[in-house]
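Here, each number is a calculation from the coordinates, and none is a lab measurement. Just so it is clear, the model here is predicted, and its values are computed rather than measured. Neighbour counts run over all protein chains shown; Cβ positions are idealised from the backbone, glycine included.
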Number of protein chains: 2
Amino acid sequence: MNKYHDVANKINLFIQENNLTRGSKLPTLTELANTYEVSKNTIIKALEVLETNGVIYQVRGSGTYVRGRHRKGFVNLTDVQGFHSIFREFNLSSKVIELKEIEAPSNVAEILEFTDQEKVYYIKRVRYIESRPFCVEESYYLKTIVPYLNEEIASQSIFNYLTEDLKINIRFSDLFMRIGKLNQEEAGYLELETHDPSLNIESIYYLSNGRPFNYSLIKYHHEEAQFFVQGNNF
Amino acid sequence: MNKYHDVANKINLFIQENNLTRGSKLPTLTELANTYEVSKNTIIKALEVLETNGVIYQVRGSGTYVRGRHRKGFVNLTDVQGFHSIFREFNLSSKVIELKEIEAPSNVAEILEFTDQEKVYYIKRVRYIESRPFCVEESYYLKTIVPYLNEEIASQSIFNYLTEDLKINIRFSDLFMRIGKLNQEEAGYLELETHDPSLNIESIYYLSNGRPFNYSLIKYHHEEAQFFVQGNNF
């Protein structure tokens, strides 16, 4: 990790731990440089990272302010993080419906951009927050990138397994959202009625070399789907 | 505009005009510096802006690649832009249902962060894409920032009016999404049935000094709501 990324994380932690709310003013560049024992230049870069990530905003000639405007229970879609990290304070669990190694179906092969036959892990699971079902997820992982997966891993945080155990560096993601209707099976998992609406998110995750390695289609319970997006005019 | 923002716009235009698709490699730093007659340092900064905006990604030791993975009709929520800009190629129109100057209701005052009585413009409109109704929008604009609005402006692009005529510099936005149910009036506007699902987006727009000046609640027709979000792991 770069030194300024490290400092950015520390400042972010400082904001969280002190529950600094929107509009709170951060110390000056000089004060921050003294506190974290780094150069002003490192602080400038760290603040750029935090601004890009929607944590702070800088006003010329005035200072640096906390941007965060969070609503409890709303998930930030611009964060590339697993749900376990986002829902730190909640009790999350997953029930694995199916887990198998298959040849990638053609639509998945196209999305994951390969032309030869490639093996993928297919996983279908229902995810629960505080024992309430909140989504049904179907996910495909390229086996050349994720060589091993089992039910135990899939019933916990696949994201943690990828990043911490397999040391996979997830660089960015593309999400496509629309409203759908649940079929009978999905409605059963989510304890809803057939044809009830769902918020459907297709997501594609990419490695640091730009290669897509995971495609998922997640259908969210209409009452549990609460998402937050930060827009920026850079 | 900074020189590197200007170059970033030019490179972005180059990508669009040449229909460069995902994974296309851009010229080297040196070649770009020669093409745009600027220093390599300016190109480095321009590429950073484009990377932050999800236009490109850079792979260490390899080069710069086009990231864009767009699906026709999906609107990028991370862009702070008006619909008229996003739907450039479509015929957009709006019908103004109501436009009035009022004291801000208390929930709006709280969201726009003021304690004294302040006047706002309240606008309710139905928006159409190629004559199909795609959303019902209720919007509040702080009168101290937007001193004048009329039905003619509101029936066209309010965003263009704010940025081009009033020269308002919109810095960032917060969006909160969830699924809702249409009431009878809204269903009528959207040519749907009462209680049909809608995708509801609450949005707050901020000035460059961090001040929120606009709050909107938009209810999208469930078949027209197609959104795209780019996630980044900076």
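Hey, what number do you get for the protein assembly as shown at 222 nm if only DSSP H runs of n ≥ 4 count, each worth -39500 (n - 2.57), divided across all residues, to the nearest 500? Intermediate values should be presented prior to the final figure.
Working: 14 runs with 114 residues, N = 468.
Per the formula, -6500 deg cm²/dmol.
Averaged across the residues of B:174-185, what count of C-beta atoms belonging to other chains lies within 10 Å of each residue's C-beta?
Other-chain Cβ atoms within 10 Å of each residue's Cβ, averaged: 5.
For A:V96 paired with B:K100, estimate the spin-label separation in nm (one decimal), with each label point 7 Å from Cα along the Cα-to-Cβ line.
Each label point is offset 7 Å from its Cα along the Cβ direction, giving 6.0 nm.
How many percent of Cα pairs in the stretch B:75-228 exceed 18 Å? Present the calculation step by step, with values, prior to reporting the outcome.
Numbers: 6835 of 11781 pairs.
Summing the P(r) of the stretch B:75-228 above 18 Å gives 58 percent of all pairs.
Let me make sure I get this right: for the stretch B:45-157, a, b and c are the square roots of the gyration tensor eigenvalues over alpha carbons, sorted descending. Under 1.5 in a/c it's rounded, otherwise prolate if a/b > b/c, else oblate. Which is it? Could the numbers behind the result be given before it?
Numbers: a/c = 3.29, a/b = 1.68, b/c = 1.96.
Verdict is oblate for the stretch B:45-157.
Put a dot 7 Å past each Cα toward the Cβ at B:H195 and B:E110; how far apart are the dots in nm?
2.9 nm
Specify the residue with the greatest mean-square fluctuation among B:G180, B:G210, B:G61, computed from a Gaussian network of chain B linking alpha-carbon atoms under 10 Å apart.
Maximum among the listed residues: B:G61.
In the stretch A:92-234, what is the count of Lys pairs whose alpha carbons are under 21 Å apart, counting only pairs at least 8 residues apart or on separate chains?
Close lysine pairs under the 21 Å cut-off: 13.
Once you have a ≥ b ≥ c as the square roots of the Cα gyration tensor eigenvalues for the protein assembly as shown, tell me rounded if a/c is under 1.5, and otherwise prolate or oblate according to whether a/b is larger than b/c. Before the final figure, lay out each step's value.
Details: a/c = 1.40, a/b = 1.07, b/c = 1.30.
Rounded is the answer for the protein assembly as shown, as its axis ratio a/c remains below 1.5.
Going by alpha carbons, how many degrees (0 to 90, nearest 10) lie between the helix axis of A:3-17 and the longest principal axis of chain A?
Rounded to the nearest ten degrees, it is 90.
Taking the Cα centre of each part, how many Å lie between the stretch B:6-53 and the stretch B:149-195?
Cα centroid of the stretch B:6-53 versus Cα centroid of the stretch B:149-195: 33 Å apart.
Would you report the distance distribution of C-alpha pairs in the stretch B:3-66 as whole percents per 10 angstrom bin, up to the bin with the largest distance?
Binned Cα distances yield the sequence 24, 62, 14.
Compute for the stretch B:149-234: radius of gyration divided by Kirkwood radius, i.e. Rg/Rh, restricted to C-alpha atoms, rounded to two decimals. Write out the running numbers ahead of the final one.
Details: Rg = 15.6 Å, Rh = 15.1 Å.
Dividing the radius of gyration by the Kirkwood radius yields 1.04.
Using only Cα atoms and rounding to the nearest 10 degrees, what angle (0 to 90) does helix B:40-52 make with the longest principal axis of chain B?
Approximately 40 degrees, to the nearest ten.
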